[in-house]
Amino acid sequence: MTSIEHITLEVADTAAAERFYAEAFGLGDLLRFREAAEPSTGFRGFTLSIIVSQPADVHAFVDAAIAAGATVLKPVSSSLWGVGGSVQAPDGTIWKVATSGKKDTRPARKKADSVVLLVGADDVKASKRFYVERGLTVGKSFGSYVDFALTGSPIGFGLYKRAALAKDAGVPVEGSGSHRIQVGWDGAAGTDPDGFAWTTAGVSSGAAS
């Protein structure tokens, strides 16, 4: 069964990143850090999302991230699909916190129901084919969005058209250089059509892509 075990972020200051994420999100072993080795400018082509149960939990995560030093990209707001907002961590990673719930049923708590990696693909169809050929199963697929069914995986995964993902995050689509992320999973190491590096869980392959 395909499973994403952890995400490695390439950052300028690993100690500062560890402090920020402990204070902001508390995701523990799901995140790893190492020193940045390659330049990166603008949108890095991916977002990470924390999915929670109710609106109060969205506010709890976003408020903690801001207090720890994150920058607000999209303030928490309501929409037809639920409640959410996005922030940018000091290392540059874009995080979205969201819920499909419309009402609070208990006091707020910082507990993630799931964490999801969304990769911005230049050609969603080609990237989808790449992952299917490597054993991933499509859960949902429509237009410019693909959600892979990773039952039991600590981290979910999907594809979104790059321009649409940047718009959803609240940033310009332009960007170049390193993605500054590696995906640690239980499959073979490789690089996808958009330049994202996947490594066998527990193994680091040098500079993050």
Name the residues whose placed amide hydrogens come within less than 5 Å of the amide hydrogen of residue 178, ignoring near sequence neighbours (fewer than 5 apart) on the same chain.
-> 40, 41
Percent relative contact order of segment 1-160, based on C-alpha pairs within less than 8 angstrom and at least six residues apart?
-> 26
Using only Cα positions of segment 54-153, each an equal point scatterer, no hydration layer, compute I(q)/I(0) via Debye at q = 0.11, 0.14, 0.22, 0.25 Å⁻¹ and quote the log10 values to two decimals.
-> -0.43, -0.68, -1.15, -1.24
Long-range lysine pairs (8 or more apart or interchain), segment 101-177, Cα under 30 Å = 22
Could you give the radius of gyration (one decimal) and Dmax (whole number) of the Cα atoms in segment 110-164, in Å?
-> 11.5, 37
Quick shape summary for segment 1-110, equivalent ellipsoid via Cα gyration tensor, semi-axes whole Å in descending order, reads 25, 15, 14
Quick one: which of 107-117, 149-159, 86-96 comes out on top by average Cβ neighbours within 10 Å, and what's the full order, highest first?
-> 86-96, 149-159, 107-117
Please arrange 128, 103 by counting, for each residue, the other beta carbons lying within 10 Å of its beta carbon, fewest first.
-> 103, 128
Per-selection Rg to Rh, segment 132-176 - Cα, Kirkwood hydrodynamic radius = 1.05
Cα-based Rg then Dmax for the chain, in Å, read 16.1, 45
Column: log10 I(q)/I(0), Debye, Cα scatterers of segment 70-109, q = 0.15, 0.18, 0.21 Å⁻¹ = -0.41, -0.56, -0.70
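No lab work stands behind these numbers, since they all come straight from the coordinates. What you are looking at is a predicted structure, and each value in this text was computed from that prediction instead of being measured. Heads up, the Cβs are rebuilt from the backbone with ideal geometry, glycines too, and the neighbour counts pull from every protein chain shown.
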